[in-house]
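Values in this text are rule-based calculations from the coordinates and carry no lab data. Just so we're clear, the structure is a prediction, and the values are computed from it rather than from any experiment. Backbone-built Cβ (ideal geometry, glycine too); neighbour counts: all protein chains shown.
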Amino acid sequence: MVLSVTELRPGVTVEIDGNIFRVLEYKHIKVAQQACVKSKLKNLRTGAIIDKSFKVSEKIEKAHIERKQMQFLYKGEGEYHFMDQQTFEQTAFTEEKLGDSANYIKEGSTITVLFYEEEAIDVELPTSVELKIAETVPGIRGDTVSGGSKPATLETGLVVQVPLFIDAGEVIKVDTRTGEYIERVK
């Protein structure tokens, strides 16, 4: 399917010069009587982020991406292994390819894996995940909901700032887009 560059929006996946990109940002600009589209694109194969400008008249091929629900099995030798729960086929991603997404994936969780022509190219995380606090300094009597924050290391190794009253062993909800604490899970 061919798209006009004016149809680009964040989240749309396109094919340019044999590479697969997800649109992160999109801006329509008019300079000296000529309109153009400036975009920030993430290469889903390499993880590189590039800035690219297009003429408004240009056309781009939309990439057909298949989404599969896969269970995260384990991490071994720098690779994260996932299994399709329907076919039991397995696929693996390197830590480098997952990037920051690896901080939000715990064993047994179900993740959406993106495929392009049978090639696993990326993962799509939910907007928030629940993770257990592995370690943090103990809360002090009298610490309230409003006030300061302290660093907490989660079960995946991610370090987030949490309110002072949160203790090790508690489960919290974390925003996967910003890496910030949302709330304590009851």
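Assorted remarks:
- Loop trypsin sites (Lys or Arg not before Pro), segment 100-183, which have at most 13 other Cβ atoms in a 10 Å radius of their Cβ (DSSP): R141, R177
- Segment 1-96: relative contact order in percent, alpha carbon pairs under 8 Å with at least 6 residues between: 23
- Here the alpha carbons of the chain define both size measures, Rg and Dmax, at 20.3, 64 Å.
- For GluC sites (Glu not before Pro), the sites in segment 73-133 that DSSP calls loop and that have at most 16 other Cβ atoms within 10 Å are E77, E89, E107, E117, E118.
- Applying the criteria of a DSSP loop state and at most 11 other Cβ atoms within 10 Å to the chymotrypsin sites (Phe, Trp or Tyr not before Pro) of segment 59-164 yields F88.
- Per-residue ellipticity at 222 nm computed for the chain from its helices equals -500 deg cm²/dmol, with DSSP H segments shorter than 4 residues left out and the rest contributing -39,500 (n - 2.57).
- Model label sites at Q34 and R184, defined 7 Å from Cα along the beta-carbon direction, differ in position by 5.9 nm.
- Size descriptor, Kirkwood hydrodynamic radius, that averages inverse alpha-carbon separations across segment 66-124, Å: 11.3
- Two-site FRET efficiency, R45 against Y74, from Cβ-Cβ distance with R₀ of 41 Å, rounded to 0.05: 0.95
- On the beta carbon distance between Q90 and V137, with R0 = 35 Å, the FRET formula returns roughly 0.35.
- Taking N as its residue count, the alpha carbon Rg of segment 2-62 over 2.2 N^0.38 Å: 1.06
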